[in-house]
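Shown next, in structure tokens, is the structure this report addresses.
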Amino acid sequence: MKIRVYYEDTDAAGVVYHSNYLNYMERARTEFLREQGCSVAQLAADGAVFPVVRMAIDFKAPARHDELLQVTTVPVRVGGSTFTLQQQVLRDADGQLLVQAEVTLACVTPGLKAKRIPCEVRELLAKGLQL
């Protein structure tokens, strides 16, 4: 997924403020599921929501105002009620790795009770699984 850095995304030094990378990765996770035919809104309506329960993130290099970024999302583990994705933010112009994260999400009901990952989500994650 491509994302343009806007002025509002930057700090006083003119680089992307660290928390904005979390927003970029959230959008990319949603689009990853959408591209696989799963609507996050429909999954929620059907009783399955996916909060982030763990994130390990490494900031490698800064992104700056008006740069175009590429955010990638790749499944790396699928459990009964959790799954883990590897996400990277790269500068589109030269492919430089800017941010790398491992993100674990849990499947829960809207009332926050753990539940098994729906079959259609499990299948699409398994299809893209990188071991």
Working only within segment 106-116, note down all residues that are open to solvent by 10 Å² or more (accessible area, probe 1.4 Å) and not basic (K, R).
A106, V108, T109, P110, G111, L112, A114
When you go through (1) touching a residue at least 24 places away in the same chain (Cβ under 8 Å); (2) under 28 Å from R4 (Cβ atoms); (3) of a type outside the set (D, E) one by one for T82, which number turns out not to apply?
(2)
Is it the case that V89 is under 29 Å from Y7 (Cβ atoms) and buried (at least 17 other Cβ atoms within 10 Å of the Cβ)?
yes
Within segment 49-82, restricting attention to residues that are closer than 14 Å to T30 by Cα and not aliphatic (A, V, I, L, M), which residue is surrounded by the most Cβ atoms within 10 Å (Cβ to Cβ)?
T73
Matching residues in segment 9-47 - criterion: being free of Cβ contacts under 8 Å to residues at least 40 places away in the same chain, touching a helix residue (DSSP H, G or I) at 6+ places or on another chain (Cβ under 9 Å), open to solvent by 40 Å² or more (accessible area, probe 1.4 Å) and not basic (K, R)
D11, Y17, N23, S39, V40
Segment 52-72, residues that are under 28 Å from P110 (Cβ atoms) and touching a residue at least 60 places away in the same chain (Cβ under 8 Å):
V71
Among the candidates L124, L85, L69, residue that is at pLDDT 95 or above, in contact with a helix residue (DSSP H, G or I) (Cβ under 9 Å, 6 or more places away or on another chain) and over 21 Å from D9 (Cα atoms)
L85
Being within 12 Å of the chain's Cα centre (by Cα) and either within 22 Å of D11 (Cα to Cα) or not in a strand (DSSP E or B) (or both), is that true of even one residue in segment 42-52?
yes
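The values are calculated or read from the model by the stated rules, or taken from the named source; none is laboratory data. It should be emphasised that the depicted structure is a prediction, and the values quoted were computed from it without experimental measurement. Virtual Cβ from ideal backbone geometry, glycine too; neighbours counted across all protein chains shown. When the accessible area is computed, the model is the full protein with side chains, heavy atoms only, and any ligands, DNA or RNA have been set aside. Shrake-Rupley method; radii C 1.70, N 1.55, O 1.52, S 1.80 Å.
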